[in-house]
Amino acid sequence: MSARRRLREVHVKGIELKTAAQIAKLREANRIVADVLDAIATVAAVGVSTWDLEMVARRRLKELAAEPAFLGYRGYPAVLCTSVNSVIVHGIPRKDLVLKDGDVLSVDFGAFKDGWCGDSARTLPIGVISDKAAALVEATRVSLEKAIEQCVPGNRLGDIGWAVQSYVEKRGYSVVEQFAGHGIGRHMHEPPQVMNYGPAGRGPRLSVGMVLAIEPMVNEGGPGVVIEEDGWTAVTKDGSLSAHFEHSVAITENGPLVLSRAQNG
Ligand code: MF3
Ligand code: CO
């Protein structure tokens, strides 16, 4: 190899490895995402429309001098995805969708700061939700934490999917297989696809510098998905409730570093 050869290998199996400085940039972008999600969580309540939430996100984004990642992506018409009850992901904010007591709302948001992308989602209870709904939301949240625990160098990509699937199926829920998480960096979607199911011990080894957006989508009923006529809104085929959480996670020598955590020291 020539003397010009890079001193550091930057790709493993097509997955870009980020330097510590690049991870710091990704952390900035993800802090902005967490800030916007915090702002939305404060406002989301009975009587508020999902378009009102879109407006909150746009305003906060401007204040933070960042760019939206979803708006215009493959023609997506908003900066936010707002997915209520049986909507799994990619719900488009609307003025005529007013939140009501007992709703379960997934909010997914992505932003670019200085050319680096952040991506995260949370499922929020609106008013008082049923115990059944709360259990689904909590199981989905914990399944993401179980997946994050697998983000240590030397583990394999498949360990992430198995962590999600084994956790939620034990509780009688199903994993949505039609959508996956992804690598993230200068682009919102980079290799690899991060499945939320499949056997442990398979796939590329996780190594220091990989950054993954992990996003389990979990249905109370069956795993079936239907896409509505707008070409985006993904709903459960059986009309059952669905929940979704997402974090952008860097793999470091010290294990997982959750870049999109609200209070990250
Ligand atoms: N977090 C989702 C994803 O990673 C959100 C994308 S919405 C889109 O795919 F509109 F931008 F596609
Ligand atoms: Co994502």
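Inspect all residues belonging to region 253-263 and state whether any of them is within 16 Å of ligand 2 (Cβ to nearest atom), open to solvent by less than 10 Å² (accessible area, probe 1.4 Å), of a type in the set (S, T, N, Q) and under 18 Å from Arg31 (Cβ atoms).
The answer is yes, given that some residue of region 253-263 is within 16 Å of ligand 2 (Cβ to nearest atom), open to solvent by less than 10 Å² (accessible area, probe 1.4 Å), of a type in the set (S, T, N, Q) and under 18 Å from Arg31 (Cβ atoms).
Note down all Cβ pairs under 9 Å where the first residue falls in region 165-180 and is on the phi > 0 side of the Ramachandran plot, the second is buried (at least 16 other Cβ atoms within 10 Å of the Cβ), and they're at least six residues apart or on different chains.
Gly172/Glu220
Against the conditions (1) out of contact with any Gly (no Cβ under 7 Å at 6 or more places or on another chain); (2) assigned to a helix (DSSP H, G or I), where does Gly158 fall short? Just the number, please.
Answer for Gly158: the failing condition is (1).
Restricting the search to region 73-82, which residues are away from ligand 2 (no atom under 16 Å from the Cβ) and in a loop (DSSP other than H, G, I, E, B)?
Of everything in region 73-82, just one residue is away from ligand 2 (no atom under 16 Å from the Cβ) and in a loop (DSSP other than H, G, I, E, B), namely Pro77.
Consider region 42-59. How many of its residues are away from ligand 2 (no atom under 16 Å from the Cβ) and either crowded, with 21+ Cβ neighbours inside 10 Å or assigned to a loop (DSSP other than H, G, I, E, B) (or both)?
Selection size over region 42-59: 8.
How many of the residues making up region 70-114 are on the phi > 0 side of the Ramachandran plot and either touching a strand residue (DSSP E or B) at 6+ places or on another chain (Cβ under 9 Å) or acidic (Asp, Glu) (or both)?
Of the residues in that region, 4 qualify.
Which pairs turn up if I take residues in region 142-162 that are open to solvent by 40 Å² or more (accessible area, probe 1.4 Å) and look for partners that are part of a helix (DSSP H, G or I) and not charged (D, E, K, R) with beta carbon separation below 6 Å, at least 6 apart in sequence or on another chain?
Every condition considered, the pairs that remain are Lys146/Ala163; Lys146/Tyr167; Gln150/Ile160; Gln150/Ala163.
When you go through Glu229, Glu190, Glu220 one by one, which is the residue that is acidic (Asp, Glu) and touching a helix residue (DSSP H, G or I) at 6+ places or on another chain (Cβ under 6 Å)?
Step by step, each of Glu229, Glu190, Glu220 is checked, and only Glu220 is acidic (Asp, Glu) and touching a helix residue (DSSP H, G or I) at 6+ places or on another chain (Cβ under 6 Å).
Name the pairs whose Cβ atoms lie under 7 Å apart, with the first residue in region 240-256 and farther than 15 Å from Gly185 by Cα and of a type in the set (A, V, I, L, M), the second part of a strand (DSSP E or B) and within 14 Å of ligand 1 (Cβ to nearest atom), and 6 or more positions between them or separate chains?
Within 7 Å, the pairs are Ala243/Ser106; Ala243/Thr123.
Arg27 versus (1) crowded, with 20+ Cβ neighbours inside 10 Å; (2) away from ligand 1 (no atom under 16 Å from the Cβ); (3) within 16 Å of Thr82 (Cβ to Cβ): which is the lone unmet condition?
Result: Arg27 passes all but (3).
For Thr19, are the conditions met, namely being closer than 30 Å to Arg202 by Cα, surrounded by fewer than 18 Cβ atoms within 10 Å (Cβ to Cβ) and β-branched (Val, Ile, Thr)?
On the way: closer than 30 Å to Arg202 by Cα: yes; surrounded by fewer than 18 Cβ atoms within 10 Å (Cβ to Cβ): yes; β-branched (Val, Ile, Thr): yes.
Yes; evaluated as a whole, the condition is true for this residue.
The values are calculated or read from the model by the stated rules, or taken from the named source; none is laboratory data. A quick note: this is a predicted structure, and the numbers were derived from the prediction, not measured. In this analysis, Cβ positions are derived from the backbone assuming ideal geometry, glycine residues included, and neighbour counts consider all displayed protein chains. Heads up: the accessible areas ignore ligands, DNA and RNA and are worked out on the full protein's heavy atoms, side chains in. Shrake-Rupley method; radii C 1.70, N 1.55, O 1.52, S 1.80 Å.
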